[in-house]
Structures are given as structure tokens and as C-alpha cells.
1. Any residue at all in region 187-199 that is under 15 Å from LEU349 (Cβ atoms) and hydroxyl-bearing (Ser, Thr, Tyr)?
2. Of the residues that make up region 310-332, is at least one surrounded by fewer than 22 Cβ atoms within 10 Å (Cβ to Cβ), modelled with pLDDT of 90 or more and of a type in the set (Gly, Ala, Ser)?
3. Considering only region 84-99, I want to know if a residue exists there that is within 30 Å of GLY208 (Cα to Cα), more than 29 Å from the chain's Cα centre (by Cα), modelled with pLDDT under 80 and not in a loop (DSSP other than H, G, I, E, B).
4. Only one of these is open to solvent by 10 Å² or more (accessible area, probe 1.4 Å), touching a Lys or Arg at 6+ places or on another chain (Cβ under 9 Å) and among the hydroxyl-bearing types (Ser, Thr, Tyr): THR152, THR112. Name it.
5. Checking the condition of a type in the set (D, E, K, R) and touching a Pro at 6+ places or on another chain (Cβ under 6 Å), which residue from GLU460, GLU498, GLU488 passes?
6. Specify the residue that is least open to solvent (accessible area, probe 1.4 Å); the eligible residues are those in region 430-469 that are among the β-branched types (Val, Ile, Thr) and closer than 14 Å to ALA110 by Cα.
7. Looking at ALA360, is it out of contact with any strand residue (DSSP E or B) (no Cβ under 6 Å at 6 or more places or on another chain), crowded, with 16+ Cβ neighbours inside 10 Å and hydrophobic (A, V, I, L, M, F, W, C)?
8. Suppose the filter is touching a residue at least 40 places away in the same chain (Cβ under 8 Å), of a type in the set (A, V, I, L, M, F, W, C), closer than 29 Å to TYR196 by Cα and in contact with a Lys or Arg (Cβ under 8 Å, 6 or more places away or on another chain); does ILE419 pass it?
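The values are calculated or read from the model by the stated rules, or taken from the named source; none is laboratory data. This one's a predicted model, so the numbers in the text were calculated from it and none came from an experiment. In this analysis, Cβ positions are derived from the backbone assuming ideal geometry, glycine residues included, and neighbour counts consider all displayed protein chains. Surface accessibility is based on the protein's heavy atoms, side chains included, excluding ligands, DNA and RNA. Shrake-Rupley method; radii C 1.70, N 1.55, O 1.52, S 1.80 Å.
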Amino acid sequence: MALDPEQQPISSVSREVGKSDGEISAEREPFIKENHTPENYSVVAAILPFFFPALGGLLYGYEIGATSCATISLQSPSLSGISWYNLSSVDVGLVTSGSLYGALFGSIVAFTIADVIGRRKELILAALLYLVGALVTALAPTYSVLIIGRVTYGVSVGLAMHAAPMYIAETAPSPIRGQLVSLKEFFIVLGMVGGYGIGSLTVNIHSGWRYMYATSVPLAVIMGIGMWWLPASPRWLLLRVIQGKGNVENQRESAIKSLCRLRGPAFVDSAAEQVNEILAELTFVGEDKEVTFGELFHGKCLKALIIGGGLVLFQQITGQPSVLYYAPSILQTAGFSAAGDATRVSILLGLLKLIMTGVAVVVIDRLGRRPLLLGGVSGMVVSLFLLGSYYLFFSASPVVAVVALLLYVGCYQLSFGPIGWLMISEIFPLKLRGRGLSLAVLVNFGANALVTFAFSPLKELLGAGILFCGFGVICVLSLVFIFFIVPETKGLTLEEIEAKCL
């Protein structure tokens, strides 16, 4: 394999990696700084490599919004168009949570296949399962078939939410990586608003729930065709090169072609040099050594798991599902006429989430990850204690609850909402990224399920006021975690993040 004369040979670089766990000594770190070449890229060329993977997030968000309306349509004797409309609360719960169970299973599947088939093929598989799940759900003749469709759709959610942030992070130029990965969260919220909107338009027509789920079909087809057209992640190709998998020259040439397509004409002249540089940096930080399952929990691999897993855990257990659950009743007590219509309330909150996520996307690569996390979570602490105080002391002043609700939603979308997914996409070392991110996604969906199912009994046991104050205490703990554990990754390449932050 021919390297640029000014680059260190891969073999000599690899000998400078620590023998125990790939730690980098202080005197070796300047290699990453001094030899890093500024990235040339075209913003236009970066759009499609972001857009098609982000459709996986859009379809995930759409499912959340559409299902909230579909459950109403399914239970209507006159409009459901089915004979089994008389669903119990358990039946409705399975319809709502079926995709969550599927997503948990999809995260486990991703753990085993991610580094074997690569990010691109995993997203193609996710698009196929989105298509199958949507069709089976929309055409379901019986309740059991409906649940099969929901679980199948959920498996695709698990795969897409695992592979999409990885593909975007590994293909995006470093100066705009934060914006592009965070924009995927914007697509999730956009999908939710779209699901609420389509649901509100079709909830009162015959068999409206079938139209709600069928709307996913063309989006899944576009996603599948788009991912088929896009190249494989160049970093995944290079990882296979330095780990001795596949033909070295063929993989290297494929990585060069991939970078040229992903970065546009401005990058053609420097593509080979950038590939050699990435190869050297990957080997320098120990990516040529395959990681076993046990090694996931040692050294810098463990640190990455603590950072990534901790962020997505706090993302869920700081009360987001519970606060949104209470949103309609809070607005109703404040006298909002739209509060009587849960769909319109959801659209209102969805638009607020969309706006605040857009703000986060604009500023994240200017301000950095840590300032947004610390500022946003601090706002969440204030809002949760305000919300708890409303139920405990100020029930006669509903404006307190409304302010707390809007503050919580806005601050969450500035912090945990987009940055949780961004950090897990960039903090894991490349050789660990597939497995590590699948564990983080598993923690995310598992914590979501735990909060969702534990909320009602805890509310009955403790009361809403104590419960929301408890979420506020957890938010304080998350602030401590962010302040002492979470590093700043703004402006760093993925290889520099591994070298300097782990």
C-alpha cells in the first residue's frame, strides 16, 4: 500500500501505541495535532449523505406522532373499519409500545452485525424493514398482524437510530459534523410534527389509522434507494483495511472514491492524502487491534461507554416522557382552548421542539457541546422543580405550570435532545463504534421503556409533585456527570476525539 512520503508508515505508527489498552502517551499526542490537514469540502455535497440516513430519524419521529392518533382511530366503532375495535388498555398499550420492543431487539441485532455489514448496508436493511413494517401495519386484517407490523417497524427504528448517527458522523466534515448529527434530531421532531399533522387530518375518516401508517411507505422507499446510491463509510472501509479484512488496495481505493463523492469536487485533489492520514491516525490510536467483548469494559473503551451510555441514560430518566404525558392536562388547567384536543396540543409542543432543536443545530458548532448541555440541563432543573411546586403548592396558579412546561421542552431540545445522539456518534473509538453505539441505543430504549412503564405506579404512590421534584434531583446529578465526565469535542476530527478525550 503506497503512502504519501511525508506520512509515517502505518507499521511504525502502530508500534507507538500503548500495549495494554491503546492509551496514548503525552509525547505522542502531537502527531495528531501537527499532521492534521484542514478539510476541504462542499456543503452541497454533504447534503445527501446526511439527508438519506436522517430519513431513518424522520420515520422514527413520524411513528411516534402517528401512533398517538392511530390509537384513537383504531378504537372508533364507526371509523376504525374493523370488527376488533373494542381494544382493552393492554391491547392499546401493545400497539403503542410494540415499536419500542422492536427497537430494543433491533439494538441487539445491531450489536452483532454493525461492524460486519457496515453502516450503509445496515441503513438499507432498516429501510427495508421500515417498508415491510409500515405495509404490514397498514394492511393488518387482525390485531395480531397489527402487532407483528408494529414490532417489525420497531426493529428498523433500532437499526436506523444506531446506524444513522454513525454514518453521518463518519462521513461529515469535522467543521459541520455537530450541526449535521444534531440536524438528525431535528428530523425526528419534524417527523413527530408530521405524524401529528397527518393524524389530525385522517383521524376522522374511515380507516384513518391505515392511511397514517401507509404514509411511511414512500419515505422508506426513498431512504432505501438513497442509501443504495450512497457510498460506504470511508472510515469503516479503512478500519477493515488496517484490521486485515478484505483486499488492502481495493478497500483503500474504495475509501478514496467514497471521500470524493461525499466531499465534492473540492476534495478530489487531497482525497488520497486524507485517506493516508486517516489510516495513520487510526493505527496510531490502536484501531488495528480488534476489540473483544470483554475489552469493551476496559480502558478508553470503558470511558467511552460511560460517557455515551450515561448521556442517553440521563436523556430518558430526567423525565421527558412523563412531562410530555402531562402536557395536555397542564395546558387545559391554564384555560387553553386547544387543550381539549390532544392532537393540537401535541402539534403545539412539537413546533416548539422543532424551533428549539433548530436553534441548537445553528449554534452547536459555535458554542460547543458542554456549554449547551450545562445551560440546557440547568434550565431543565429549574423547570422540573417549578412543575413539582405547581402540583404541591401552586395549583391555583396554572401559569407556573405552563411556564415550567415550555421551559422544560425548550431546554431539553437545546441539550439532551440533539447532543445525546451527537456525542454517542462521535465519542466511541472506530473499532468500538458499532458495538458501543448499539449498547448506548439499547440503554436509551431500555430506559425509555422503564420510565414509561414505571410512571403510572410511581405517580399513584408518590404524587405528581414529588415525582417531578425527583426528576429535578436526577437532573442535578446529570449536571454533575456532564461537568466532570463529558469532554468537549467541538471542531475535533473523530480520530482526535479518540486521542485527546479518551
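1. Scanning region 187-199, I find at least one residue that is under 15 Å from LEU349 (Cβ atoms) and hydroxyl-bearing (Ser, Thr, Tyr), so the answer is yes.
2. Yes, region 310-332 contains at least one residue that is surrounded by fewer than 22 Cβ atoms within 10 Å (Cβ to Cβ), modelled with pLDDT of 90 or more and of a type in the set (Gly, Ala, Ser).
3. Keep residues of region 84-99 that are within 30 Å of GLY208 (Cα to Cα), which gives 84-99.
Imposing the further condition that a residue be more than 29 Å from the chain's Cα centre (by Cα) reduces the set to 84-89.
Now drop any that are not modelled with pLDDT under 80, which leaves 89.
When the remaining residues are screened for being not in a loop (DSSP other than H, G, I, E, B), the result is 89.
Taking every residue of region 84-99 in turn, at least one turns out to be within 30 Å of GLY208 (Cα to Cα), more than 29 Å from the chain's Cα centre (by Cα), modelled with pLDDT under 80 and not in a loop (DSSP other than H, G, I, E, B).
4. Checking each option against the conditions leaves just THR112.
5. Details: GLU460 fails: touching a Pro at 6+ places or on another chain (Cβ under 6 Å); GLU488 fails: touching a Pro at 6+ places or on another chain (Cβ under 6 Å).
Criteria check complete, one pass: GLU498.
6. Here is the first cut: in region 430-469, the residues among the β-branched types (Val, Ile, Thr) are 441, 443, 451-452, 466.
When the remaining residues are screened for being closer than 14 Å to ALA110 by Cα, the result is 441, 443.
Working: VAL441: 0, VAL443: 56 Å².
Residue satisfying both the conditions and the ranking: VAL441.
7. Values: out of contact with any strand residue (DSSP E or B) (no Cβ under 6 Å at 6 or more places or on another chain): yes; crowded, with 16+ Cβ neighbours inside 10 Å: yes; hydrophobic (A, V, I, L, M, F, W, C): yes.
Considered against the rule, which asks whether it is out of contact with any strand residue (DSSP E or B) (no Cβ under 6 Å at 6 or more places or on another chain), crowded, with 16+ Cβ neighbours inside 10 Å and hydrophobic (A, V, I, L, M, F, W, C), ALA360 comes out as yes.
8. On the way: touching a residue at least 40 places away in the same chain (Cβ under 8 Å): yes; of a type in the set (A, V, I, L, M, F, W, C): yes; closer than 29 Å to TYR196 by Cα: yes; in contact with a Lys or Arg (Cβ under 8 Å, 6 or more places away or on another chain): yes.
It is true that ILE419 is touching a residue at least 40 places away in the same chain (Cβ under 8 Å), of a type in the set (A, V, I, L, M, F, W, C), closer than 29 Å to TYR196 by Cα and in contact with a Lys or Arg (Cβ under 8 Å, 6 or more places away or on another chain).
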